[in-house]
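Let me begin by presenting the structure, written as structure tokens, before commenting on it.
The values are calculated or read from the model by the stated rules, or taken from the named source; none is laboratory data. Note that the structure is predicted; figures quoted are calculated from it, not measured. When we count neighbours, we look across all protein chains shown, and the Cβ atoms used for this are built from the backbone with ideal geometry, even at glycine.
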Amino acid sequence: MRVAESQRRAWSVRGSYERHKRIITAVGAIILVFVLGNILVGGFLNVHEILITVKLASFLALFGLCQMVVMAAGNAGLDLSVGYTATIAAVFTAPIMNGHNGHLWLAVLVAVAIGVMVGLANGILSSYARLPSLVVTLAMAEVLQGIINIYTAGRMINGTPSPVLQTVAAKSTGMVPNMVFVLAVVALVALVVLYRTKLGAILFGVGENETTAYLGGINTKRVRTLAFMASAVIASLIGLLLLGNMGNAFKDMGSSYVLPSIAAAVVGGVSLRGGNGNFIGVILGAILLQALLNLLVALGWGDAGKWTGFGVVLYVVLIAYVGDKRTR
């Protein structure tokens, strides 16, 4: 009896580890980067430094949520337009707010409208026209960049974020940046929607097995279109947060988040084949990448080091991902 009970406990521990292996690995990697940074540079284990890293990672994690939603719907979905969706939302809403709280609600509505239009176009072309999402969203990014260039016409972008938006995105409550609280709220909402509602079950079901979902009466094309719309709306709202954090809008303000957001999702354990998604893992992936970026910059590697680091980490994760799939 004792042997059987011991075996059951061992199997339970092993099963729990297999389910959370990527999260455990991400946590271990984060600790390793912080300890390594503290040894090589110093100050990395300071509470203030850790909180700043989490704040900066919050923006990347939110972009990772955009990728997670699209990837979870399957069909090799990716959204390369999230950076310029955020940028165009910031560019168009900065003059609306112009440093006042009174028009913040209008800025939010404009941002949501932009996200709906961009996401609808991406979704229709990817799902109904059956064009590769990689091509569709890359083309959308170029279109949005062109619109921004025409709108700005080489001049400075007028307008500043509202004080409320600046407080939420750039200020702190005590030692804790307010963006950490924003990320916590978004994480809670995402976990409830994805794992406690029918909507989340449908999204994962379509990504897991499109044929089964279709035979079960689910409009898989509509679900994937809604996934792209959700991604774009979230990206537009992130644009407002970036505007609040930086204090002004400018071209390319969100473009640098695109590839890292995909990396954060993959590092966080989101399957490239669809059918799953864990936002806690995405958050950990974002923190890992941000901590790695901080270390590379502190070592004097600059932009070249940043992209090299991201590339190396992503390669390692993809190799591990493919190897894990082949052993199953």
Of the conditions (1) within 25 Å of Ala89 (Cβ to Cβ); (2) of a type in the set (Phe, Trp, Tyr); (3) surrounded by 16 or more Cβ atoms within 10 Å (Cβ to Cβ), Phe204 fails just one. Which one is it?
(1)
Restricting the range 1-24 to residues that are hydrophobic (A, V, I, L, M, F, W, C) and either modelled with pLDDT under 75 or assigned to a loop (DSSP other than H, G, I, E, B) (or both), the one farthest from the chain's Cα centre (by Cα) turns out to be Met1
Condition first: more than 14 Å from Leu241 (Cα to Cα) and touching a helix residue (DSSP H, G or I) at 6+ places or on another chain (Cβ under 9 Å). Now tell me which residues in the range 173-191 satisfy that.
Thr173, Met175, Val176, Ala187, Ala190, Leu191
Whether any residue in the range 215-230 is among the aromatic types (Phe, Trp, Tyr) and surrounded by fewer than 19 Cβ atoms within 10 Å (Cβ to Cβ) is what I want to check.
no
Residue pairs, Cβ under 9 Å, 6 or more apart or interchain, first in the range 116-133 and over 18 Å from Ile88 (Cβ atoms), second surrounded by 15 or more Cβ atoms within 10 Å (Cβ to Cβ) and among the acidic types (Asp, Glu). List them.
Ser133/Asp79
Can you confirm whether the range 270-290 contains a residue that is surrounded by fewer than 24 Cβ atoms within 10 Å (Cβ to Cβ), in contact (Cβ under 8 Å) with a residue 12 or more places away in the chain and of a type in the set (Val, Ile, Thr)?
yes
Out of everything in the range 30-47 that is modelled with pLDDT of 90 or more and of a type outside the set (A, V, I, L, M, F, W, C), what residue ends up being nearest to Val316 (Cα to Cα)?
Gly37
Hey, does the range 231-248 have a residue that's within 30 Å of Asn158 (Cβ to Cβ), surrounded by fewer than 21 Cβ atoms within 10 Å (Cβ to Cβ) and either more than 20 Å from the chain's Cα centre (by Cα) or among the charged types (D, E, K, R) (or both)?
yes
Just to check your reading of the model, which residue among Phe204, Phe181 is more than 17 Å from the chain's Cα centre (by Cα) and of a type in the set (Phe, Trp, Tyr)?
Phe204
Note on Lys251: of the conditions (1) more than 14 Å from Gly83 (Cβ to Cβ); (2) at pLDDT below 90; (3) assigned to a loop (DSSP other than H, G, I, E, B), unmet is (1)
Yes/no for Ser255 being out of contact with any His (no Cβ under 9 Å at 6 or more places or on another chain), polar (S, T, N, Q), surrounded by fewer than 24 Cβ atoms within 10 Å (Cβ to Cβ) and over 15 Å from Leu65 (Cα atoms)
yes
Based on this model, can you work out whether Val27 counts as more than 23 Å from Lys171 (Cβ to Cβ), under 19 Å from the mean Cα position of the chain (by Cα) and either surrounded by fewer than 21 Cβ atoms within 10 Å (Cβ to Cβ) or at pLDDT below 85 (or both)?
yes
Considering only residues that are in a loop (DSSP other than H, G, I, E, B), on the phi < 0 side of the Ramachandran plot, of a type outside the set (S, T, N, Q) and out of contact with any Gly (no Cβ under 7 Å at 6 or more places or on another chain), which ones fall in the range 156-184?
Met156, Ile157, Lys171, Met175
Select, from Ala121, Ala184, the only residue that is modelled with pLDDT of 95 or more and surrounded by 15 or more Cβ atoms within 10 Å (Cβ to Cβ).
Ala121
Can Tyr195 be described as touching a residue at least 12 places away in the same chain (Cβ under 8 Å), among the aromatic types (Phe, Trp, Tyr) and exposed (fewer than 15 other Cβ atoms within 10 Å of the Cβ)?
no
Can you tell me which residue in the range 161-175 is farthest from Asn98 (Cα to Cα), limited to those that are surrounded by fewer than 14 Cβ atoms within 10 Å (Cβ to Cβ) and touching a residue at least 60 places away in the same chain (Cβ under 8 Å)?
Met175
Name the one entry in Gly207, Gly244 that is in a helix (DSSP H, G or I), of a type in the set (Gly, Ala, Ser) and in contact with a Gly (Cβ under 6 Å, 6 or more places away or on another chain).
Gly207
Can you find even one residue in the range 49-64 that is within 20 Å of Val135 (Cα to Cα) and part of a helix (DSSP H, G or I)?
yes
